[in-house]
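What follows is a short report on a single structure.
The values are calculated or read from the model by the stated rules, or taken from the named source; none is laboratory data. Since we're looking at a predicted model, the values are computed, not measured. Cβ sites come from the backbone with ideal geometry, for glycine too, and all protein chains shown count toward neighbours. In case anyone asks, the SASA skips ligands and DNA or RNA and just uses the protein heavy atoms, side chains included. Shrake-Rupley method; radii C 1.70, N 1.55, O 1.52, S 1.80 Å.
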Amino acid sequence: MSNSHVLISEVGPRDGLQSVKATMPTADKLRWIDALYKAGVREIEVASFVPARLLPQMADAAEVVRHAITLPGLTVLALVPNRRGAEAALAAGVHKLTMPVSASAAHSLANVRKTREEMVEEVRAISDLRRGIAPHVKLEAAISTAFGCTLQGLVPEDDVIRLAAQCIAGRCRRVGPVGHRRLCQSGAGTPPVPAPACRNRPLRRRGPHAQHPRPGPGQLPGRV
């Protein structure tokens, strides 16, 4: 255990803000990111590159990224649901792109208006884009609703593993499961649920287990 380490990847400035109606002023976002950095956090997902008409809370994404990348040693992430978002994020200077890929067929259509298969194609397209203009930028897939879905209900374990394998084949550097925030609140994402999907699987690029910033037993992946 002496060589093991834990990476804390903070997603509050993106996931914590885009799900609320109020829009935080840009200056306050920058102070929040600075405070996280001073507290020792070295990886932060700071924004989501989506149309401002859909998520006005993220309209200042490029400005937020440009500030965050000035902090020495900080890895700056941005969530990008499609190629257009990836182009804007790369232009702003992000260090890592996160693609939201739903294990639940119903959630994928509701969240990004694309099927799971179409999102895997987006992963491949963004990987090609990244390799062409910014090969130093990393790409990871966040497999959302990996432990269950409020729209679909049970998400078969094999669907999660199959989707993760497809993302890796699409040249994602890292793949990690993400618990649905409502399941975290209800307790459906308790440690015994994630365990089977995360153990003894032949995936070479397993990423971090991410949880939404909401209270609940689903935020206890340490037992997996």
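Which pairs turn up if I take residues in the range 127-153 that are without any contact (Cβ under 8 Å) to a residue 60 or more places away in the chain and within 18 Å of CYS167 (Cα to Cα) and look for partners that are assigned to a loop (DSSP other than H, G, I, E, B) and open to solvent by 20 Å² or more (accessible area, probe 1.4 Å) with beta carbon separation below 6 Å, at least 6 apart in sequence or on another chain?
These pairs meet every condition: SER127/ARG171; LYS138/ARG173; LEU139/ARG173; THR145/HIS180.
Residue-wise test of (1) in contact with an Asp or Glu (Cβ under 8 Å, 6 or more places away or on another chain); (2) modelled with pLDDT under 95.
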residue	(1), (2)
VAL65	no, no
ALA68	no, no
PRO81	yes, yes
ALA91	no, no
LYS96	yes, no
VAL101	no, yes
HIS107	no, yes
THR115	no, yes
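Tell me, which helices (runs of 4 or more DSSP H) lie completely within the range 61-177 with 1 or more residues that are open to solvent by 20 Å² or more (accessible area, probe 1.4 Å) and of a type in the set (Asp, Glu)?
Details: elements: 61-68, 83-92, 105-112, 116-133, 157-169.
So the answer is 61-68, 83-92, 116-133, 157-169.
From the set of residues in the range 41-57 that are under 14 Å from the mean Cα position of the chain (by Cα) and of a type in the set (D, E, K, R), which is surrounded by the fewest Cβ atoms within 10 Å (Cβ to Cβ)?
GLU43
Applying the selection to the range 1-16, what residues are in contact (Cβ under 8 Å) with a residue 40 or more places away in the chain and under 14 Å from the mean Cα position of the chain (by Cα)? I'd like the intermediate steps shown before the answer.
So in the range 1-16, the residues in contact (Cβ under 8 Å) with a residue 40 or more places away in the chain come out as 7, 9, 11-16.
Within the range 1-16, SER9, VAL11, GLY12, PRO13, ARG14, ASP15, GLY16 qualify.
Can you name the residue in the range 9-38 that is in contact with a strand residue (DSSP E or B) (Cβ under 9 Å, 6 or more places away or on another chain) and part of a loop (DSSP other than H, G, I, E, B) and is also surrounded by the most Cβ atoms within 10 Å (Cβ to Cβ) among such residues?
VAL11
Tell me which residues, restricted to the range 102-119, are aliphatic (A, V, I, L, M) and more than 15 Å from the chain's Cα centre (by Cα). Write out each step before concluding.
Pass one, the range 102-119, residues aliphatic (A, V, I, L, M): 103, 105-106, 109-110, 112, 119.
Passing the criteria: ALA105, ALA106, LEU109, ALA110.
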